[in-house]
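The values are calculated or read from the model by the stated rules, or taken from the named source; none is laboratory data. Fair warning: this is a prediction, and the values are worked out from it, not measured in the lab. When we count neighbours, we look across all protein chains shown, and the Cβ atoms used for this are built from the backbone with ideal geometry, even at glycine.
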C-alpha cells in the first residue's frame, strides 16, 4: 500500500496552485463584474438599482454549492458542453461579483454627499463626477475589505472539489483515498490553506488600521 | 435548445425536500445555540483570561477563520477517527458547524465586549453587582446589541454554508436534493427548487432576526 510520503505531499502542494489560479481568475472577472454592479447600485435610475440589488441578494442568499450545481448542470442543458473549469470559473466569478459589488457599493456610498454636490456645482457630468471625484476616494476605503474578501474567496474555492474540480481539497481527497491516511492528509491540507489565507488576513488587518488612522487625521483637519 | 423542463416529477417528491429544508433549519439553529455558547465563553477568556489562555483562543479563532469549512469537516469526519474520536455524519456536520460558527462569533462578540467602556463595569461594581451579573448584564447584553447585525448575517452565512455538509452525506436539504436528482435524473429542476428553498430560508431568517432584535433590544429596553 502507498503511504503518504514526499511525492504525495508534493502532489497536494502542486494542486494548491489551482486553488490560487481559480481564486485569482474569479477575483479578476468578479472584480470587473462587481465594479459594474456597485456602480449600478448607486445609479440615479431606480429600476437599474433594483436589478443590481436583486442580483446581489440572489447570490448572497443562496449557497455557493447550489450556484455551482446550477451552472454545472444548468448550462449543460442549453447545449453548452461545459468542462469543470468553465463551470467553476463562471460560478465563482458571479459569486465574487455579487460580494465585491456589495462591498464596493458601501465604499461608494461612504463618500459624502457634499462631494457629489460640489462636483455638480462645478458642472461635471455624472460620469466625470464618478470617475474623477468619487471613485478615487472610494477606492481608498475599499482596499482593506477587498483583501478580506480575497481570503473568503480562497476558502470558497474548496467547495469546487465537490463537483470534481481538482484543487487543494480534491487533491487531498485523492491522496487520502490512495494512502488510507486521512489523519495525516487532511490536517496538511488545512495547514496549506492556512498558509495561503493567514498572510492575507494579516495584511487586511494591517491595511485596516493604517487607513483608519489616515481617516482620523483627515477628519481632524 | 431541446431540453424540456419537467418539474412534475420533482413536485411529487416535494414533501421530501420540505423535510430536507426543515433539517437544514434545525441544524442551523442547533449550531447557532451551541456556537454562541462557545463564542461567549471564548470571548470572555479572550478578554479577561490569563495570557496562555488568550493565546489559545486566538489560535483557535485564527485557525478556523483561515481554513475552509469543508476542510474542517473532512478533518473532523475523516482524520479524527484515526486519533480515536469517531463521529457519525450528522454528528461531524454539527461539530464542524459549531466549531466554525463559534470562531467567527467569538471574534464578533469580542469586538462588542471591547466596545463597552470601563466606566460601565466600574459603575456595576459600585452598585455591588456580582462578577457574573456584571459580565452578563453590563458587558454581554449591550455588547451583543452592538454587534447584533454582524452576528445575524454570520448566522445566515452559517446556514448557507451548511450545504457543504452534504459532502459527507449528513442529513439536510442539499444531501436530500443529491439523492433526489440521482433517482429522478432531473438535476437542474431539483437544484433550482432547493436553491429557492435556501433563498426562502435566508429571507425568513433575516426577518426573524430583525423581529428578535426589536423584541429584545427595542421593546424590552424600558424594563
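Considering segment B:65-90, and only residues there that are at pLDDT 95 or above and more than 8 Å from chain A (Cβ to nearest Cβ), the residue that is surrounded by the most Cβ atoms within 10 Å (Cβ to Cβ) turns out to be B:73.
May I ask you to verify whether residue A:23 is within 27 Å of residue A:136 (Cβ to Cβ), within 13 Å of chain B (Cβ to nearest Cβ) and touching a helix residue (DSSP H, G or I) at 6+ places or on another chain (Cβ under 7 Å)? Against the criterion (within 27 Å of residue A:136 (Cβ to Cβ), within 13 Å of chain B (Cβ to nearest Cβ) and touching a helix residue (DSSP H, G or I) at 6+ places or on another chain (Cβ under 7 Å)), residue A:23 qualifies. Among the residues of segment A:101-128, which ones are more than 28 Å from residue A:150 (Cα to Cα) and in contact (Cβ under 8 Å) with a residue 40 or more places away in the chain? Once the filter is applied, which keeps residues that are more than 28 Å from residue A:150 (Cα to Cα) and in contact (Cβ under 8 Å) with a residue 40 or more places away in the chain, segment A:101-128 yields only A:126.
Quick grid of which residues meet (1) more than 20 Å from the chain's Cα centre (by Cα); (2) surrounded by 20 or more Cβ atoms within 10 Å (Cβ to Cβ); (3) closer than 24 Å to residue B:14 by Cβ:
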{"residue": "B:153", "(1), (2), (3)": "no, no, no"}
{"residue": "B:161", "(1), (2), (3)": "no, yes, no"}
{"residue": "B:165", "(1), (2), (3)": "no, yes, yes"}
{"residue": "B:172", "(1), (2), (3)": "no, yes, yes"}
{"residue": "B:201", "(1), (2), (3)": "no, yes, yes"}
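Scanning segment A:175-199 for residues that are surrounded by fewer than 24 Cβ atoms within 10 Å (Cβ to Cβ) and at pLDDT below 95 yields a total of 9.
Restricting to segment A:73-86, and then to whatever is assigned to a helix (DSSP H, G or I) and within 13 Å of chain B (Cβ to nearest Cβ), can you tell me which residue is surrounded by the most Cβ atoms within 10 Å (Cβ to Cβ)? Here the residue is A:73.
Residues checked against (1) within 22 Å of residue A:64 (Cα to Cα); (2) in contact (Cβ under 8 Å) with a residue 60 or more places away in the chain:
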{"position": "B:129", "(1), (2)": "no, no"}
{"position": "B:135", "(1), (2)": "no, yes"}
{"position": "B:167", "(1), (2)": "yes, yes"}
{"position": "B:183", "(1), (2)": "no, no"}
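Candidates are the residues of segment A:116-152 that are surrounded by fewer than 13 Cβ atoms within 10 Å (Cβ to Cβ) and not in a helix (DSSP H, G or I); the one that is nearest to the chain's Cα centre (by Cα) is A:125.
Could we say that residue B:162 is under 15 Å from residue B:32 (Cα atoms) and assigned to a helix (DSSP H, G or I) here? Answer is yes for this residue. The single residue among B:25, B:4, B:10 that is out of contact with any strand residue (DSSP E or B) (no Cβ under 7 Å at 6 or more places or on another chain) and part of a loop (DSSP other than H, G, I, E, B) turns out to be B:4. If the condition is being touching a residue at least 24 places away in the same chain (Cβ under 8 Å) and more than 14 Å from every other protein chain (Cβ to nearest Cβ), then segment B:26-36 contributes B:30, B:31, B:32, B:34, B:35, B:36.
Out of curiosity, is residue A:14 more than 14 Å from chain B (Cβ to nearest Cβ) and part of a helix (DSSP H, G or I)? Criteria met by residue A:14.
Of everything in segment B:5-25 that's over 30 Å from residue A:78 (Cα atoms) and in contact (Cβ under 8 Å) with a residue 24 or more places away in the chain, which residue is surrounded by the most Cβ atoms within 10 Å (Cβ to Cβ)?
B:24
Test residue B:59 against the criterion of being within 12 Å of chain A (Cβ to nearest Cβ) and assigned to a helix (DSSP H, G or I), and give yes or no. Criteria met by residue B:59. Against the numbered list (1) within 13 Å of chain B (Cβ to nearest Cβ); (2) farther than 30 Å from residue A:18 by Cβ; (3) crowded, with 16+ Cβ neighbours inside 10 Å, residue A:54 comes up short only at (3).
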